[in-house]
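Single-structure report; data block below.
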Amino acid sequence: MVRGISCVFLLALNILSVGGSKHSAWNGHTTPGSTTPSDFTPYYVAPGTKSYDSSSPFVHYSGNWKESFSPAYVHNTVRSTSHPKAAVTFTFTGTGVEWFGNMDDSHGIADVYIDGEKVQTVDNYSEAPMKQQRLFWKYDLPFGRHHLKVVNTGKRRGSQKKGILDVDAFVVTYGTKAIRGHSASSIHSLPTSDSRKAADLAEATTADAWSLEQKGSTGVHAMQLSIISPTHAIIVDKVEHNPLTVSGHPAWAALYNLNTHAIKPLNVQSNSFCAGGTFLSNGTLINVGGNPVVEDHTSAADFGDADGLQAIRIFEPCESSTGDACEIYEDHARIRMASPRWYNTVIRLQDGSAMIIGGAKKGGWINNATVNNPTVEYWPPKSIHGSNGMPVHMQFLVDTLNSNLFPIAFLLPDGKVFMAANQDAMIYDWQNNQERRLPQIPNGVRVTYPMAGTGLLLPLSPDNGYTPEVLLCGGSTVDDRKPGYEISSQDPASAQCVRMVLTDAGISAGWQVEQMPQARTMPDAVLLPTGDVLIVNGAGTGISGYGNVVHQVGASNADNPAFTPVLYRPGASNGQRFSSAGLPTSDIPRLYHSVATLTPNGDIMIAGSNPNLDRSEVEYGTEYRVEWLKPPYMLVGRPEWVSAAPRLLGYGQSLHMEVKLQQNAAHSPDIRVALMDLGYITHAVHANSRLVYLAASLSVDDRKTLTITAPPNANVYPPGPGWLYLVVDGIPTTGLRVLVGDGKGPAVDEKAMESMLSKTIVDQYDKGKEEKGDGAE
Ligand SMILES: *[C@@H]1O[C@H](CO)[C@@H](O)[C@H](O)[C@H]1NC(C)=O
Ligand SMILES: *[C@@H]1O[C@H](CO)[C@@H](O)[C@H](O)[C@H]1NC(C)=O
Ligand SMILES: *[C@@H]1O[C@H](CO)[C@@H](O)[C@H](O)[C@H]1NC(C)=O
């Protein structure tokens, strides 16, 4: 308790001392005490960074410079020169620096030096005049004193005239951890530069220990994560001030190369805060829903994002090992939802289409009857239950208010859909539009946003006829009808996990209750090819979201990060299932907007956390560092695929694959083949996560030919991408990607599509539109 309060106090001091910090890029957010959203410009002083104006005594000019004044400049002043060789120098202490200034058609070419070395030639010629632009930035300097020098070349693109160089402001990033050092908790006080120490924390100590490596940076904040190919993951964020840029503004999506750790920005048109996603049967990924434009008042200097509330963003399969030519495509005139959705869940059905579930009609915080969208719709749209492509009412989403955003949902092997929201669960027969309510989740635990727990469909196996069993873990018992000022970041999370077998007998037996060793809200549960479940990330207290409760840490509604993952073995006997033995402890808090996924390689990629708005350097600031949690099987000899995978894996098909066993495999080894959907992860929801064991045998003679039988039908594994892992004596191969089914896209019902498009308006909830329309501005 005391700690939470003192953090807030220290943070307040930090923010005061840096001054000038603007908050933006999040619908509904206003600076405390104000009801008007602040204007957005690329100039941004992240909480924890410091701005130096062009007139600061720390900024030195040589040669001929002149000072101009306008309210359009940072602190009303800008310095400019058209003299070749005129230079500005600035010495700072920290890990990063940004230079802000104007762009127009008189701006020329400048050389930038850091610590005496030329690092970039900057050309900020632009036909359109733009102010407070980020002209140069560097974030990855070793912590310490650095010297920045910018020299005017006097040259101008496409002109004999002299080019202008100007300086509006410099912004210095001190370094994440140095600031976290204020925290009372010793784990936070590791110095930034000493990454070795962090590695030591995670060092393997016993033979079956796991290891944790911190490597790579996501460039955009990792709010949503999905593996899209053997080499890449896609990361989707909301519109915010990320270090990675595209088309002259911060990017809000990127491809992450799993092998080289390189990142490539994606140019997304609409605001994807907070979207869901799924692959369709032909391997196309759709990203669905989001937020309106970041600010009501936009200008040429803006992010340029469009309203994302009805968006369906298309990411066609991209096999490029460099991520080149991979793009997100949007055309809201043709491709959109019928209704606006913020915090919706999206899953793939047995016909290869997407079911889009719930969400709110506008951004905000906790759901309520005014903003609730208690419907499902489909992509492509369906003629179903008289909907003719329009949304279908779902009473469950009315009955589960308020904390029911990002419902937990899984396709079951009978073709129906399991759903959990708030304290309730049901099975939805979508083909007949019937809800079968299940017993309530015991002990008052809520499992969906903002009292977020996590859920998984446990592995399906032919051994028991694919009997489905679901697992829900974590969440909170905080009353979802309380106002924010009666909820605290220090309210304890729930340690409860519940399981239920979804057969008549299982449902009568009800939820089986277990306790995690540690309470968590916002946990991530990751299925491993071994059938075990890795639970990671989240907080011991508080709830999801920004700036809504008392005792916030910065703007974080949660505190007391859970730093040590726990392994859950569903097959072990009750009481023996949880263990953190050998699991490394991280020093990176992963709270709201953190993610984790299994990779094709078999390790777990852990990223994200931004419980404070935008790129912040305060405690629980925006986290770009990636961690790789490696199970013990990564450190030993592993079995290998010798044959390449076929592109398609048809239902019931037999597949012969040549394999190589690890050297110390048992004489008659234990063989399992896991077909896995690695899911689409956001807000603790692991949509589509799935593990189906396949009937498999290994030829006894040379033990090299593995015969696999594909899943019997699309209910067991809905058509779409999957990864094959052969597990020999508990040690998995790397995953081989296949496309399950016939590879075709879901059927498009032209009539339903036409009807939906004609009955709905493009971006109907775009507030900016109305304002532009009435001409009153
Ligand atoms: C200014 O120029 C540099 C290098 O040419 C470029 O990286 C940067 O994006 C430009 N800034 C803007 C706001 O376009
Ligand atoms: C419902 O939620 C919206 C969005 O958060 C909020 O603006 C509104 O005030 C809420 N209404 C009620 C009745 O609580
Ligand atoms: C997959 O199907 C969807 C829906 O019909 C379509 O939009 C997309 O272009 C298809 N992708 C490929 C690769 O054919």
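Treating only the Cβ of Lys, Arg, Asp and Glu as charged (+1, +1, -1, -1), what charge dipole size does the chain show about its Cα centre? Round to the nearest 20 debye. Don't jump to the answer; show the numbers that get you there.
Numbers: 60 positive and 74 negative charges, 177 e Å.
Dipole size: approximately 860 debye.
Can you work out the FRET efficiency for the pair residue 503 and residue 393, with r the C-beta to C-beta distance and R0 = 25 Å, to the nearest 0.05? It would help to have the intermediate numbers written out before the result.
Values: r = 28 Å, r/R0 = 1.12.
That pair, residue 503 with residue 393, gives E of 0.35.
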Original post:
Local charge sum around residue 446 (other residues, Cβ-Cβ under 10 Å, Lys/Arg +1, Asp/Glu -1)?
Top reply: -3
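Ignoring ligands, DNA and RNA, please state the percent of accessible area on the chain from carbon and sulfur, probe 1.4 Å. List each step's numbers first, then the result.
Working: 14350 of 27900 Å².
Carbon and sulfur: 51 percent of the exposed surface of the chain.
Of the trypsin sites (Lys or Arg not before Pro) in segment 563-654, which ones lie in a loop per DSSP and count no more than 10 other C-beta atoms within 10 Å? Mind showing how you got there, number by number?
Details: sites: 577, 590, 615, 625, 647; in loops: 577, 590, 615, 647.
Listed in order of number, the matching sites are 647.
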**OP:** Just grab the label-to-label distance for residue 385 and residue 572, each label 7 Å out from Cα along the Cβ direction, in nm (one decimal).
**Re:** 4.1 nm
Subject >> residue 658 versus residue 76: modelled label distance in nm, points set 7 Å from Cα along the beta carbon direction >> reply: 7.8 nm
Original post:
Zone of residue 744 (label point 7 Å along Cα→Cβ, backbone N under 19 Å): which residues in segment 636-675?
Top reply: 647-653
**OP:** Could you pull out every residue, at least 5 positions away or on a different chain, whose amide H is within less than 5 Å of the one on residue 52? Hs are placed 1.01 Å off N in the peptide plane, and Pro or chain starts have none.
**Re:** 170, 171, 172
Subject >> Given charges at Cβ of Lys, Arg, Asp, Glu: segment 49-173 dipole, positive-most of 142, 129, 153 >> reply: 153
Subject >> Where only C-alpha atoms are counted, convex hull volume of segment 594-685 per residue in Å³ >> reply: 162 Å³
Original post:
Using 1/(1 + (r/R0)^6) with R0 = 35 angstrom and r between the beta carbons of residue 751 and residue 713, what's the FRET efficiency to the nearest 0.05?
Top reply: 0.80
Original post:
If one computes the Cα centroid of segment 445-491 and of segment 674-708, what distance in Å separates the two points?
Top reply: 25 Å
**OP:** Please report Rg over Rh for segment 384-439, where both radii come from the alpha carbon positions and Rh follows the Kirkwood definition.
**Re:** 0.96
Original post:
What are the principal axis extents of the Cα atoms in segment 629-734, in Å, biggest first?
Top reply: 43, 34, 20
Original post:
Can you give the accessible area per residue of the chain, in Å², using a 1.4 Å probe?
Top reply: 36 Å²
**OP:** Decide, for segment 94-143, between rounded, prolate and oblate: order the square roots of the alpha carbon gyration tensor eigenvalues as a ≥ b ≥ c, take rounded if a/c falls under 1.5, and otherwise choose prolate if a/b is larger than b/c, else oblate.
**Re:** oblate
Original post:
With each run of n ≥ 4 DSSP H residues scored as -39500 (n - 2.57), what mean residue ellipticity at 222 nm is computed for the chain after dividing by its residue count and rounding to the nearest 500 deg cm²/dmol?
Top reply: -2000 deg cm²/dmol
Subject >> Cα gyration tensor category, rounded, prolate or oblate, for segment 46-135 with a/c compared to 1.5 >> reply: rounded
Subject >> Convex hull of Cα atoms in the chain, direction-averaged projection (nm²) >> reply: 33.4 nm²
Original post:
How far, in degrees from 0 to 90, does helix 750-759 lean away from the longest principal axis of the Cα atoms of the chain, to the nearest 10?
Top reply: 40 degrees
Subject >> segment 183-635 shape via C-alpha gyration tensor axes, a/c threshold 1.5 >> reply: rounded
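Could you give the length gained by full extension between residue 55 and residue 104, i.e. 0.36 nm per residue of separation minus their alpha carbon distance, to one decimal place? Intermediate results must be reported in sequence, preceding the final value.
Details: separation 49, 0.36 × 49 = 17.64 nm, distance 2.16 nm.
Length gained, residue 55 through residue 104: 15.5 nm.
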Original post:
For residue 111 and residue 213, what is the calculated FRET efficiency with R₀ set at 41 Å and r taken between the beta-carbons, to the nearest 0.05?
Top reply: 0.65
**OP:** On a 0 to 90° scale, report how tilted helix 2-18 is relative to the longest principal axis of the chain, with both axes built from alpha carbons and the result rounded to the nearest 10.
**Re:** 30 degrees
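Using the 2.2 N^0.38 Å rule of thumb for compact globular proteins, work out how segment 441-501 stacks up: its C-alpha Rg over that value, please.
This ratio for segment 441-501 stands at 1.42.
The values are calculated or read from the model by the stated rules, or taken from the named source; none is laboratory data. Computed from a prediction, not measured in an experiment: that's the story for all the values here. In this analysis, Cβ positions are derived from the backbone assuming ideal geometry, glycine residues included, and neighbour counts consider all displayed protein chains. Note: areas computed on protein heavy atoms with side chains; ligands, DNA, RNA excluded. Shrake-Rupley method; radii C 1.70, N 1.55, O 1.52, S 1.80 Å.
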